[in-house]
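To start, the structure under review is shown below, and the notes come after it.
The values are calculated or read from the model by the stated rules, or taken from the named source; none is laboratory data. Since this is a predicted model, take the numbers as computed values, not measurements. When we count neighbours, we look across all protein chains shown, and the Cβ atoms used for this are built from the backbone with ideal geometry, even at glycine.
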Amino acid sequence: MFAEQGLTAGNVLEIASGTGEHGAYLTEAFSGLHWTYSDIDAAGRASQQAWRDAAEHGRLSGPLVIDASTDNWGEVEGQAWDLIVSVNMIHISPFEATEGLLRGAGRLLKPGGHLFLYGPYARNGEIAPSNAAFSENLKSRDPAWGVRDLDAQIVPLAEAAGLSLKAVIDMPANNLSVIFRRS
Ligand SMILES: C[S@@+](CC[C@H](N)C(=O)[O-])C[C@H]1O[C@@H](n2cnc3c(N)ncnc32)[C@H](O)[C@@H]1O
């Protein structure tokens, strides 16, 4: 996926890194990636730190404390990023985190830089049965969570932030990889 989309080099800021496995795997696979972890959750950051400590290549940084819903991402403000990545956060956080993520990508990506999102989405009001069931389950855990509609909810906010939709790729289990480009 990252290779096919030409996302194999540059400075990457990950929002909501969770355990940190994705950054560890991708920096091992692609020697041109320099990856900075972040999360609001301390346990997640501890796991990210463990991956950073275990990596021998020195291209993992952070973990930083970044709350995507805010408009101040701390020390990364003023830096220009080639790629911002967020996997499986949008449906498992209040929508304010998505709004902040898209504003932040517009603010911090270099012209021509990319935002990579991964997760389940509805498309123009249509949702796969498995994703609909998952969304109901999420909402029962927290009413502010739930599977979002890529076309109705995400793309308009991305465009308002200066991002254009570049690619949507079907992934296993009705997930999507979604790539936006900063103009
Ligand atoms: C389902 S986990 C996904 C973690 C990881 N990206 C993965 O795919 O394994 C959701 C993550 O979003 C983070 N998160 C939730 N709200 C957030 C926010 N406002 N800003 C940053 N991270 C947030 C949580 O702490 C958690 O690590």
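Points worth noting:
- Matching residues in the stretch 23-44 - criterion: being crowded, with 20+ Cβ neighbours inside 10 Å and either acidic (Asp, Glu) or within 11 Å of the ligand (Cβ to nearest atom) (or both): Gly23, Tyr37, Ser38, Asp39
- Residues that are aliphatic (A, V, I, L, M) and either within 14 Å of the ligand (Cβ to nearest atom) or assigned to a helix (DSSP H, G or I) (or both), drawn from the stretch 124-135: Ala132, Ala133
- Test: residue in the stretch 137-151 that is in a helix (DSSP H, G or I) and of a type in the set (Phe, Trp, Tyr): no
- When residues of the stretch 46-64 are limited to those that are within 18 Å of the chain's Cα centre (by Cα) and buried (at least 21 other Cβ atoms within 10 Å of the Cβ), the one farthest from the ligand (Cβ to nearest atom): Leu60
- For first residues located in the stretch 93-122 and over 20 Å from Glu136 (Cβ atoms), partners that are among the β-branched types (Val, Ile, Thr) and assigned to a helix (DSSP H, G or I) and lie 6+ apart or on another chain with Cβ distances below 7 Å form the pairs Leu108/Val76.
- Yes/no for Ser17 being of a type in the set (S, T, N, Q), near the ligand (Cβ under 9 Å from one of its atoms), touching a strand residue (DSSP E or B) at 6+ places or on another chain (Cβ under 8 Å) and modelled with pLDDT of 95 or more: yes
- Of all residues in the stretch 65-123, those that are within 11 Å of the ligand (Cβ to nearest atom), within 22 Å of Ala9 (Cβ to Cβ) and part of a helix (DSSP H, G or I) total 1.
Every residue, every condition in (1) surrounded by 15 or more Cβ atoms within 10 Å (Cβ to Cβ); (2) closer than 27 Å to Tyr25 by Cβ; (3) at pLDDT below 95, yes or no:
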| residue | (1), (2), (3) |
| --- | --- |
| Gln79 | no, yes, no |
| Leu83 | yes, yes, no |
| Ser86 | yes, yes, no |
| Ile92 | yes, yes, no |
| Ala97 | yes, yes, no |
| Tyr121 | yes, yes, no |
| Ser140 | no, no, no |
| Val147 | yes, yes, no |
